[in-house]
Each structure stands twice: as C-alpha cells, then as structure tokens.
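The values are calculated or read from the model by the stated rules, or taken from the named source; none is laboratory data. This is a predicted model, so every value here is computed, not measured. In this analysis, Cβ positions are derived from the backbone assuming ideal geometry, glycine residues included, and neighbour counts consider all displayed protein chains.
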C-alpha cells in the first residue's frame, strides 16, 4: 500500500515536506534483491503526520539546516535521516562513517540502523539519481547517462552492489562495528530517482528497473523555441525531488533564459511544465523535461 499517493494533487505549504513525501513514495531504480522498499514499514497514519508536519515544519527545517551544504545528495541524506529517526523511529547507529585501510579510504557507510520491524541491524546505502536514456548508434543497447554523462546507471548500480553494499564484509569494517558493539548488519539499497526518455524515439526501461519508477522526457535545446517553454519553470535543486508546485504562474522569461543558456552549450537543465492546480490555488508540474546541448553526452563525457 502506498501511504502517500491517495491524493497526488495535494497542495503542500512547505517544499521540504513535499520532498519528504516524494521520498516516502518514489519507486526504486533497481530490482536488486537488496532493494529497500519503504512501503511495508511506513506508518498507517503517515498521511496525517505529513499533513501536520507541513503546517508545523520547524523540526524538519531545523534538521535540514544542521547541514546546509547545497548539494542535492547531502539534502537527500538529511531527509532520509529524518525519515529514519522521526517517522520510522529506527535508531541510527552510524552515519557517514569512513572505513579506512592503512590511511586509505575504502568507502563510507551511509547509515547503519536498527530496523525495529525486522529486529535486525541493517546497513543502508542510499542514492538519488537522474538518468537520460540514449540509444546506441552501432548496437541495440541503451545507455542511461546522468546530466554529467560521466555518471551512468549500469556503472552506478554495479558499484553500489559490488562495493558499497558489501563494505561491511571487509575486515576493517567488521573491526569498526565490533568496536562499537554493533552486530554484522544486513545490507540494503535505497535508490529512488527519475529516468528520462527521449522525445524523438521510443526506449524500453532497463531490464532491472521496476515499472513503478518515476520518469520524464529529454530533448535537445535546438528543437525548442521560446514559445515552447512559456509555461515551463527551470527546476533548480532540491526541487528535482518530486512534483513541483508554485503559488504563482510560470515566468516565461526565466525559462527562456535557461533554455538559451543550454542552446549556447551550457550544461543540461531540468524543466517542469506547469498547469493551474485543479483547486484553482497555484500551479503544479504536469511533466518534466531535461534539455541538453547539441553534443551531449559526448561533450560531457570528454569534459
């Protein structure tokens, strides 16, 4: 049961709570046996809790402010910490702890938690990712690139499953856990995000990605004109997380300026097409589109 999908058009007053609600319901990008599905663990009254938090957001906002670094990954970690500690009520035993060997960092444990529902210690590796599907020119395979095309879905999942999720198996991690009185944890992977499909062609989802994943579209900047983006908003982080909402109508000038920057060879940018909310209060996202420059992903890979 999805505890936060009963009203997809709910109006959120606090963006951070909207992001947290998305985190609770977003589909995973991998079918791995280690995949953490939050749905069985979310409280039955989650909808009411989020509604209360939306009108009394001070605890969440203070928690996020503890680590104000602007990177989306750090923001996502703070939301996940809040989910574990304040919604699931799972004790966090370790967080962002480096595992080292002879002065060299082997990796970092994102979270080691006690799962009260399963009565066991778990090691959670988490990531929120955004990938654009590109069909191969000389082969039938599709590769899924991040906006920075040095990041790729298949390589990221391989790294997570073969290295990061197995980090607690190495002697140095075992010694670290034993020194803190923590039993050997069960590995879990939490990896929500979006896959973006090309507007000018049809691609199938990766074989190991659930059908429930969030999705959007991508296109090249040269295929768009200013009139095409008059009802679009240039999405800046952390608003990549979940359906965007705004109390005011889109500013065509803002979207046009962002589009021009991409047309001149700037990095890919994410946009949301907006429509009036069914209630008549404000505007909401109805689709999202990544716009990329002419030579992406080749230019991004070489850079």
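Just to be sure before I move on: is residue 252 touching a helix residue (DSSP H, G or I) at 6+ places or on another chain (Cβ under 9 Å) and modelled with pLDDT of 95 or more in the structure I sent?
no
Let's see how each residue does on (1) in a strand (DSSP E or B); (2) more than 19 Å from the chain's Cα centre (by Cα); (3) more than 30 Å from residue 179 (Cα to Cα); (4) modelled with pLDDT of 95 or more:
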residue: 9; (1), (2), (3), (4): no, yes, yes, no
residue: 33; (1), (2), (3), (4): no, yes, no, no
residue: 63; (1), (2), (3), (4): no, no, no, no
residue: 85; (1), (2), (3), (4): no, yes, no, yes
residue: 93; (1), (2), (3), (4): yes, yes, no, yes
residue: 110; (1), (2), (3), (4): yes, no, no, yes
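Within region 222-241, work out how many residues are without any contact (Cβ under 8 Å) to a residue 24 or more places away in the chain and farther than 13 Å from residue 15 by Cβ.
3
Among (1) in a loop (DSSP other than H, G, I, E, B); (2) more than 25 Å from residue 16 (Cβ to Cβ), where does residue 227 come up short?
Going through (1) in a loop (DSSP other than H, G, I, E, B); (2) more than 25 Å from residue 16 (Cβ to Cβ) one by one, residue 227 breaks only (1).
Could you go through region 68-80 and let me know if any residue there is modelled with pLDDT under 95 and over 30 Å from residue 218 (Cβ atoms).
Yes: one or more hits.
Filter region 40-60 for residues that are outside any loop (DSSP other than H, G, I, E, B), touching a helix residue (DSSP H, G or I) at 6+ places or on another chain (Cβ under 8 Å) and surrounded by 14 or more Cβ atoms within 10 Å (Cβ to Cβ) and give the result.
The answer is 41, 46, 49, 50, 53, 54, 60.
Given the conditions (1) at negative phi; (2) crowded, with 19+ Cβ neighbours inside 10 Å; (3) modelled with pLDDT of 95 or more, and given that residue 224 satisfies all but one, which numbered condition is not satisfied?
All conditions are met except number (3).
Looking at region 134-158, which of the residues that are more than 22 Å from residue 35 (Cα to Cα) and touching a strand residue (DSSP E or B) at 6+ places or on another chain (Cβ under 6 Å) is modelled with the highest pLDDT?
134
Quick check on region 281-300: of everything there that is in contact with a strand residue (DSSP E or B) (Cβ under 8 Å, 6 or more places away or on another chain) and over 19 Å from residue 222 (Cβ atoms), which residue is modelled with the lowest pLDDT?
The residue in question is 282.
Looking at residue 273 and the list (1) in contact with a strand residue (DSSP E or B) (Cβ under 7 Å, 6 or more places away or on another chain); (2) modelled with pLDDT of 95 or more; (3) assigned to a loop (DSSP other than H, G, I, E, B); (4) over 21 Å from residue 153 (Cβ atoms), which single condition is not satisfied?
(3)
Could you tell me whether residue 267 is out of contact with any strand residue (DSSP E or B) (no Cβ under 6 Å at 6 or more places or on another chain), at pLDDT 95 or above, over 23 Å from residue 20 (Cβ atoms) and part of a loop (DSSP other than H, G, I, E, B)?
yes
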